[in-house]
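**Student:** Can you keep this structure in mind? I'll have questions shortly.
Rule-based calculations on the coordinates, nothing more; no lab input. This is a predicted model, so every value here is computed, not measured. Here the Cβ positions follow ideal geometry from the backbone for every residue, glycine too, while neighbour counts run over all protein chains shown.
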Amino acid sequence: MSKFAEKLRRTYTGSTPSMGFRKSAETELPPLLLIANLTKANVTEAKVLAGEVDAAIVNSGDINAKSFGQLAKASGDIPLGIFLESDAKSETVKSFELGSDFVVFGLRTPLEAVNKEGPGKILKIDPSLDQGLARAINALPLQVDGVLVNGEESLITIERLLIYRRFAELLDKPLLITLGSSVTSDELKSLYEAGVNGLMLSEGFPVEAFAELKKTIAGLSKTAKRRIKGTALLPRLGGQLEAETEEEEEEEV
């Protein structure tokens, strides 16, 4: 099973493994997952970043079996995925054959090419995607482990924040976004409260910025609240209603 897909699931549901009573770095996941793009990174940089992120990714157009293997080895236990830059079936098949832990693909990717066991599957969508299509993702005949809202902006605008919040409400899957530059602690808090579960950082993101970003994210567990969706009221025996609210509730983390 994909290690990154499992991390996403646990971050989304807030669950931890139930084996034993001792906590470890493996059971304690951050409020927001960090994914580094290693496309332009060398082996040394990959080793450094592996200690600061929860997963890494490379662009499909700039990778071959040899370089992918080198980066995977340098990343150690950090899951390494592939970001498909083309919807061509041949490129998708090639990416699966490299043995990546997860794959990011678009809506026009052939179903046959990605409907396979093994790697985690992250579906890439545009911010302008119709709400009806976004909601339909929940019923796809394909295992989708998370949804990435593609497109980088230099600033976290109010419009962008509203878009993230809306997708978080429509989807029953973890939500990831792309991030092209450093953000403030207040912006991170707003992203977390909007329902974002992971940050996919752009190529060339300053190596020295990862440690500070990781530290800021860790602080969210003490200060931020995430709005979680409730469900409809359900009838119980005796004519009473079980209060699963239709309104969103705030969950303190």
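**Student:** Per residue of region 137-147, what does 6.51 cos²θ - 1.76 cosθ + 1.60 with θ = phi - 60° give for ³J(HN,Hα)? Whole Hz please, x for Gly and Pro, Karplus curve as stated.
**Tutor:** 4, 4, 10, 4, x, 8, 5, 10, 8, x, 10
**Student:** Let me ask something else about it. Please list, ordered by chain and number, the residues whose modelled amide H lies under 5 Å from the amide H of Val103; skip anything fewer than 5 residues away on the same chain.
**Tutor:** So Val103 has HN proximity to Ile82, Gly120, Lys121, Ile122.
**Student:** Which of the residue pairs Lys94/Lys215; Lys47/Lys189; Lys94/Lys214; Lys7/Lys189; Lys66/Lys173 have a Cα-Cα distance greater than 31 Å in the structure shown?
**Tutor:** The answer is Lys94/Lys215; Lys94/Lys214; Lys66/Lys173.
**Student:** So for region 3-225: antiparallel DSSP bridges make up what percent, rounded to the nearest 5?
**Tutor:** Values: 0 of 29 bridges.
The answer is about 0 percent antiparallel.
**Student:** Could you give each residue of region 83-99 its phi-based ³J(HN,Hα) in whole Hz, using Karplus coefficients 6.51, -1.76, 1.60 with θ = phi - 60°, and x for Gly or Pro?
**Tutor:** Taking θ as phi minus 60°, the curve returns 9, 6, 8, 9, 8, 4, 4, 4, 5, 5, 4, 4, 5, 5, 6, 6, x Hz for region 83-99.
**Student:** Would you pull out the residues with amide H under 5 Å of Ile156's amide H, same chain only if 5 or more places away, H placed 1.01 Å from N?
**Tutor:** none
**Student:** Let me ask another. Please quote Rg/Rh for region 3-225 to two decimal places, taking the Kirkwood radius as Rh and restricting both calculations to Cα atoms.
**Tutor:** Result for region 3-225 is an Rg/Rh of 0.94.
**Student:** Quick one: which residues, 5 or more positions from Leu148 or on another chain, have an amide H under 5 Å from its amide H? H modelled 1.01 Å from N in the peptide plane, none for Pro or chain starts.
**Tutor:** Leu123, Lys124, Ile125, Leu176
**Student:** Something else about it: By count of other Cβ within 10 Å, fewest leading, how are Ser181, Ser154, Ser90 ordered?
**Tutor:** Ser154, Ser90, Ser181
**Student:** Relative to the Cα centre, what is the charge dipole magnitude of region 19-111, using +1 at the beta carbon of each Lys and Arg, -1 at the beta carbon of each Asp and Glu, and rounding to the nearest 20 debye? Mind dumping the intermediate values first?
**Tutor:** Details: 9 positive and 12 negative charges, 28 e Å.
My answer is approximately 140 debye.
**Student:** Given the peptides 106-114, 30-38, 122-130, arrange them by the average over their residues of other C-beta atoms within 10 Å, most packed first.
**Tutor:** 30-38, 122-130, 106-114
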